[in-house]
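Everything on this sheet refers to the single structure shown next.
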Amino acid sequence: MELKANRFVESATTAIRDRVLQTALDRGTTHALNARINAMSEVTDAAALRQQARAARLRALHSLPDLLEMLERKLTARGVHVLWASDGQECNRHILDIARRHHVRQIAKGKSMVTEETGLNRLLEGEGLDVVETDLGEFIVQIAHETPSHIIMPVMHKTREQVRDLFARELHMTPTDDPAALTAAARAYMRPRFIEADMGIQGCNFAIAETGTLITVTNEGNGRMCSSLPRVFVMAVGIEKVIETLDDFGTLLQLLTRSATGQRLSSYVHLINGPARPGDPDGPEAMYVVLVDNGRTSIYDGEYPEALACIRCGACLNTCPVYQNVGGHAYGWVYAGPIGAVVTPLLNGIHNAAPLPHASSLCGACKAACPVDINIPDLLLRLRADLVADGDADPAISLGVKGWAVAMRSPQLYEVAGKAASAASRVAAGYDETLHRLPGPLGHWTRNRDFPPFAAKPFRQLWRERKRQGRP
Amino acid sequence: MNNTGHSSRDRILQRLRASKPPFEDAPPRPAQYLPVTRLDEDADLVARFRAEVERLSGQVHLPPTALDAMNTVLGIVGEDKAVMGWESLPLPGLKDVLAAHGIQIVIPHARGDQRRAELQKAEPIRVGITGADAAFATTGTLALITNDQQGRLPSLLPPVHVALLRRDRLFPRIEDWLASEGRAAMSASASIALITGPSRTGDIEMQTILGVHGPGVVHVIILP
Amino acid sequence: MHRRPSVFNKRVSLFVTCIVDMIYPETGMSTVEVLERLGVEVDFPEAQTCCGQMGFNAGYRDEARAVARHFLEAFKDAEVIVAPSGSCVAMVRHYYPELFQDDPVWYARATWAASITWELTEYLVDGLGITDVGTALKQPAKLALHDACHGLRGLGVQKQPRALLNNVRQAEVVELPGADQCCGFGGLFAIKMPDVSGAMLNDKVKAIMACEADTIVLCDTSCMTQINGGLSRQGCPKRAVHIADVLAGKVGGSGA
């Protein structure tokens with residue numbers, strides 16, 4: 001996917017002014033947020049479970065290379081072809097090769113964020129292959145020629161009226177905004193495509209090393225269609241998806257579904273161990289797994305390996321007041337919200353996504369919501385320090401901060417600066433006793449807020465006077 | 001496998017092994033995993049399972065006898081002349097009863113050259129009948145294992161799914177099944193579906209719609 | 001609870017914080033008055049300036065470290081440090097040790113300071129075990145709390161202000177919907193991303209306008225500045241006040 005993260009500030013402003021988007025975001029995030037809170041309130045011990053889940057992810061990351069080899073061994077033993085891709089281009093090439101080798105023309109695709117990273121659909125379509133996104137939200141995104149705006153709910157940014165108009169235009173459907181009718185139209189559209197597809201492609205939620213099992217978590221049934229009907233099946237798996245054991249899976253799976261959609265379990269959890277066995281009446285003849293790096297190894301051996309612990313539940317998006325107000329597209333890439341603000345710079349180079357670590361008030365709601373307790377605010381703070389250390393900072397702010405640091409180390413200078421600010425601000429505030437305009441970059445504050453004038457006497461002066469008076 | 005794939009493998013593994021692995025002090029595997037769902041010790045598993053399935057708009061039947069169970073199936077099949085099914089079903093006699101009613105049990109063999117033709121033939125069938133290799137009470141989940149007697153399609157393609165569940169296959173929680181039978185199941189089957197209620201989506205304005213691509217109607221018949 | 005050294009019979013060094021010092025000195029006074037009313041000895045190390053979080057949060061760790069060193073010097077004789085600000089206390093407690101993790105001498109000083117620094121309401125309730133400071137409002141008033149993020153999630157400050165307010169006579173404490181939702185301040189975030197900060201502020205102002213209470217109480221003057229800035233710009237008569245001023249009896253009927 002094209003990276004537009006450096007345009008975050010303008011994109012965010014556009015998003016904030018978009019009334020329709022704001023309505024959709026309000027509805028979507030509130031619903032998802034409440035669903036997660038309800039679902040997590042009924043478990044045995046939410047705090048302990050999150051630590052259990054976190055430990056499972058960290059153990060897996062600690063042993064990642066060994067687990068990847070174990071996974072590969074077990075899959076290969078069952079006839080799965082395991083391929084490795086260093087970057088997005090290689091991932092796409094592998095999948096194209098597979099398609100060519102098997103004379104594939106039509107592809108049914110389930111959800112895969114990794115292939116959004118790599119731009120797979122564009123490449124395949126450019127090579128004359130027909131690719132249909134079968135997840136309803138991704139299908140809507142596809143026919144609208146857009147990109148998904150949320151990890152779990154790809155069209156959270158759309159209203160039913162927008163979907164109505166889209167289906168009317170692209171599917172020549174009699175306009176209706178009844179979600180049941182729209183869904184039925186998508187079902188009818190998709191069924192023949194599942195049957196005609198030569199190849200199914202899907203992403204992966206977890207890859208269990210212990211048993212060599214690949215997991216997909218879905219609700220619609222399109223995932224199982226993609227992995228059962230076509231003769232060739234391909235899974236694109238980010239290398240960080242590996243977990244150690246079935247027991248770990250039991251915890252992580254349920255925290256994923258509860259955190260993502262508030263469900264105890266999704267309608268379908270598919271445990272895939274290989275292609276169809278000789279006696280199976282159905283299933284794919286050939287199965288391929290593409291293990292994708294695409295920047296994950298550099299996160300792994302860098303300063304932020306914790307970012308790889310993410311299980312892609314979307315809880316942090318739903319709970320983030322920044323995401324709630326700007327939606328996913330403003331983040332300019334595949335992953336939005338708090339985790340997006342971390343992984344987008346890490347996977348693409350911090351200077352290519354410089355605003356994102358700053359797109360946060362550090363309120364900490366994301367960390368509190370994360371089922372594996374990733375310390376996102378801490379990661380954002382360190383990314384900000386990296387940007388500054390690398391010279392990627394607004395010069396006006398850098399100058400201001402340097403001046404601030406000098407003043408703050410000298411009580412005398414601090415007091416003098418304070419007196420000056422006090423005098424100037426009280427004059428500017430006038431009778432109103434409030435400032436409607438601040439100078440320079442501080443003017444960004446007063447664009448939409450007032451500011452109080454500095455007091456006539458700072459606290460330290462009142463303290464001194466009180467002392468002189470012998471404390472009333 | 002081409003060269004590029006092979007060297008990428010080496011490159012990736014080498015890079016992952018280049019520095020000290022992170023999270024050295026990650027807590028070790030617990031002796032006992034804390035289960036996610038709450039369950040009273042003396043809980044009635046069938047009642048809990050039923051409540052969970054019904055909460056998700058699935059239907060649960062508790063026929064008192066095998067004959068009642070077969071009549072329940074017939075009731076669901078109604079006027080249809082064909083159903084999709086597993087080769088092996090846990091209700092002995094059901095196949096004969098269906099045949100006696102002129103209902104053909106279609107077992108699509110969607111493999112090899114016949115794949116598409118079999119799929120197209122199977123597509124219009126309304127009801128799919130399967131067993132269930134396990135079920136989990138606290139989530140209302142069915143586990144369906146694929147093998148030569150048990151295909152993927154009957155629980156996926158038709159809009160109505162009927163699952164015949166033996167009581168002794170009902171586990172309290174998913175964790176219990178994973179711990180006791182998980183490994184064996186993974187070795188024994190290429191594809192296991194954990195099914196919790198009908199197919200659904202909330203993609204359009206967060207409104208839940210049932211029956212998107214998978215079955216919109218799920219009947220669980222708990223065998224006597 | 002806190003595995004920090006006991007505060008009983010110890011002198012409190014007030015860390016007034018730069019915002020309170022310069023813009024809301026009366027809140028600083030209220031803090032002193034409340035503490036002294038409870039028999040606590042309070043001093044004010046005059047070399048103090050700022051905790052450094054503004055620079056730290058924006059990624060300027062060298063500058064923040066320099067300011068932090070000055071803080072540690074200024075408070076080197078303190079027994080207990082109390083500040084009327086959750087975010088400043090969170091900075092000292094959580095980030096001072098991180099800032100000095102490569103310097104054993106300053107790291108020791110940082111962890112020492114972290115162990116003795118308290119936000120005002122947690123000092124009163126968790127430290128001294130006091131939830132009733134004997135305050136009575138002049139007239140009955142409906143108050144609602146806004147939970148400042150750093151205090152809430154960084155320090156666990158949530159029950160303490162509520163416990164204190166519930167014992168203020170003539171005060172009826174009601175809930176502010178979305179009390180734990182960020183007001184959008186975030187330090188330099190407010191001017192780096194003013195539209196996003198403003199949108200978050202809008203949500204907070206809407207919630208306040210719809211709330212039963214006329215006065216919003218909080219434990220952090222940075223939030224207070226953001227929130228009052230929005231209320232004032234949008235012509236809403238309600239205001240936010242610091243809990244120290246409420247406890248010092250300076251908040252009357254409706255409004256501050």
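The values are calculated or read from the model by the stated rules, or taken from the named source; none is laboratory data. Quick caveat: nothing in here was measured; it's all calculated off a predicted structure. Note that we place each Cβ from the backbone using ideal geometry, even for glycine, and neighbour counts take in every protein chain shown.
Assorted remarks:
- The criterion of at least 3 residues that are farther than 21 Å from C:Gln139 by Cα and either out of contact with any Leu (no Cβ under 9 Å at 6 or more places or on another chain) or within 13 Å of chain A (Cβ to nearest Cβ) (or both) is met, among helices (runs of 4 or more DSSP H) falling completely within the stretch C:188-256, by C:189-192, C:194-210, C:221-233.
- Residue match in the stretch B:216-223 (condition: of a type outside the set (Gly, Ala, Ser) and not in a strand (DSSP E or B)): no
- The set of residues in the stretch A:102-122 that are within 11 Å of chain B (Cβ to nearest Cβ) and either without any contact (Cβ under 8 Å) to a residue 12 or more places away in the chain or closer than 15 Å to A:Val289 by Cβ (or both) contains only A:Gly110.
- Being within 12 Å of another protein chain (Cβ to nearest Cβ) and assigned to a helix (DSSP H, G or I) is true of A:Leu308.
- Residue that is nearest to C:Phe8 (Cα to Cα) [pool: residues in the stretch C:31-51 that are free of Cβ contacts under 8 Å to residues at least 60 places away in the same chain and among the charged types (D, E, K, R)]: C:Glu41
- Only one of the numbered conditions (1) at pLDDT 95 or above; (2) in a loop (DSSP other than H, G, I, E, B); (3) exposed (fewer than 15 other Cβ atoms within 10 Å of the Cβ) is violated by B:Asn71, and that is (2).
- Any chance A:Asp135 is in contact with a Lys or Arg (Cβ under 9 Å, 6 or more places away or on another chain), farther than 19 Å from A:Cys91 by Cβ and not polar (S, T, N, Q): yes
Residue-wise test of (1) surrounded by fewer than 21 Cβ atoms within 10 Å (Cβ to Cβ); (2) touching a helix residue (DSSP H, G or I) at 6+ places or on another chain (Cβ under 9 Å); (3) modelled with pLDDT of 95 or more; (4) within 25 Å of B:Arg115 (Cα to Cα).
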| residue | (1), (2), (3), (4) |
| --- | --- |
| B:Leu153 | no, yes, yes, yes |
| B:Pro158 | no, yes, yes, yes |
| B:Leu164 | no, yes, yes, no |
| B:Ala179 | yes, yes, yes, no |
| B:Arg183 | yes, yes, yes, no |
| B:Ser187 | yes, no, yes, no |
| B:Leu194 | no, yes, yes, yes |
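- For the stretch C:124-146, taking the residues that are crowded, with 24+ Cβ neighbours inside 10 Å and under 14 Å from the mean Cα position of the chain (by Cα), the one that is farthest from the other protein chains (Cβ to nearest Cβ) is identified as C:Leu124.
- Subset tally (residues that are of a type in the set (S, T, N, Q) and under 11 Å from the mean Cα position of the chain (by Cα)) for the stretch B:132-149: 2
- Number of the condition not met by A:Arg384 [criteria: (1) among the charged types (D, E, K, R); (2) within 7 Å of chain C (Cβ to nearest Cβ); (3) farther than 18 Å from C:Gln53 by Cβ]: (3)
- Within the stretch C:29-74, being surrounded by fewer than 22 Cβ atoms within 10 Å (Cβ to Cβ), part of a loop (DSSP other than H, G, I, E, B) and not aliphatic (A, V, I, L, M) holds for C:Gly39, C:Glu41, C:Phe44, C:Pro45, C:Glu46.
- Screening A:Phe167 on (1) closer than 14 Å to A:Gly28 by Cβ; (2) crowded, with 18+ Cβ neighbours inside 10 Å shows it passes everything except condition (1).
- Looking at the stretch B:116-200, the strands (runs of 3 or more DSSP E) lying wholly inside it that each contain 2 or more residues that are farther than 22 Å from B:Ser57 by Cβ sit at B:191-195.
- Among the residues of the stretch A:268-290, the one identified as surrounded by fewer than 22 Cβ atoms within 10 Å (Cβ to Cβ), without any contact (Cβ under 8 Å) to a residue 24 or more places away in the chain and small (Gly, Ala, Ser) is A:Gly279.
- Single residue of B:Leu91, B:Leu144 found to be in contact with a Ser or Thr (Cβ under 9 Å, 6 or more places away or on another chain) and surrounded by 15 or more Cβ atoms within 10 Å (Cβ to Cβ): B:Leu144
- Residue pairs whose Cβ atoms lie under 6 Å apart, sitting 6 or more positions apart in sequence or on different chains, and linking a residue in the stretch C:82-105 that is outside the structural domain of C:Met224 (by TED's automatic domain parsing) to a partner that is buried (at least 23 other Cβ atoms within 10 Å of the Cβ) and among the acidic types (Asp, Glu), are C:Ser85/C:Asp220; C:Gly86/C:Glu119; C:Gly86/C:Asp220; C:Ser87/C:Asp220; C:Val89/C:Glu119.
- Restricting the stretch A:194-219 to residues that are at the interface with chain B (Cβ under 9 Å from one of its Cβ atoms) and farther than 22 Å from A:Leu124 by Cβ, the residue that is nearest to the chain's Cα centre (by Cα): A:Asn219
- Residue within the stretch A:144-161 that is of a type in the set (A, V, I, L, M, F, W, C), out of contact with any Lys or Arg (no Cβ under 9 Å at 6 or more places or on another chain) and surrounded by 24 or more Cβ atoms within 10 Å (Cβ to Cβ) present: yes
Residue-wise test of (1) within 7 Å of chain B (Cβ to nearest Cβ); (2) under 19 Å from the mean Cα position of the chain (by Cα); (3) among the aromatic types (Phe, Trp, Tyr); (4) closer than 30 Å to B:Glu205 by Cβ.
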position	(1), (2), (3), (4)
A:Thr13	no, no, no, yes
A:Leu21	no, yes, no, yes
A:Leu33	no, yes, no, yes
A:Asn38	no, no, no, yes
A:Gly79	no, no, no, no
A:Leu96	no, no, no, no
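- Test result for A:Ala185, in a helix (DSSP H, G or I), farther than 17 Å from A:Glu133 by Cβ and not β-branched (Val, Ile, Thr): no
- For the residues C:Val174, C:Val196, the requirement of being touching a helix residue (DSSP H, G or I) at 6+ places or on another chain (Cβ under 7 Å) and in contact (Cβ under 8 Å) with a residue 12 or more places away in the chain singles out C:Val196.
- Per this entry, A:Ile152 is not counted among residues that are within 12 Å of another protein chain (Cβ to nearest Cβ), touching a strand residue (DSSP E or B) at 6+ places or on another chain (Cβ under 9 Å) and touching a residue at least 40 places away in the same chain (Cβ under 8 Å).
- Only one of A:Ala55, A:Ala60, A:Ala47, A:Ala85 that is at the interface with chain B (Cβ under 10 Å from one of its Cβ atoms), surrounded by fewer than 22 Cβ atoms within 10 Å (Cβ to Cβ) and among the aliphatic types (A, V, I, L, M): A:Ala55
- Only listed residue being within 30 Å of A:Gln254 (Cα to Cα) and away from chain A (no Cβ under 14 Å), chosen from B:Leu94, B:Leu157, B:Leu98, B:Leu62: B:Leu62
- Selection count where residues are basic (Lys, Arg) and modelled with pLDDT of 90 or more, scope the stretch A:122-160: 1
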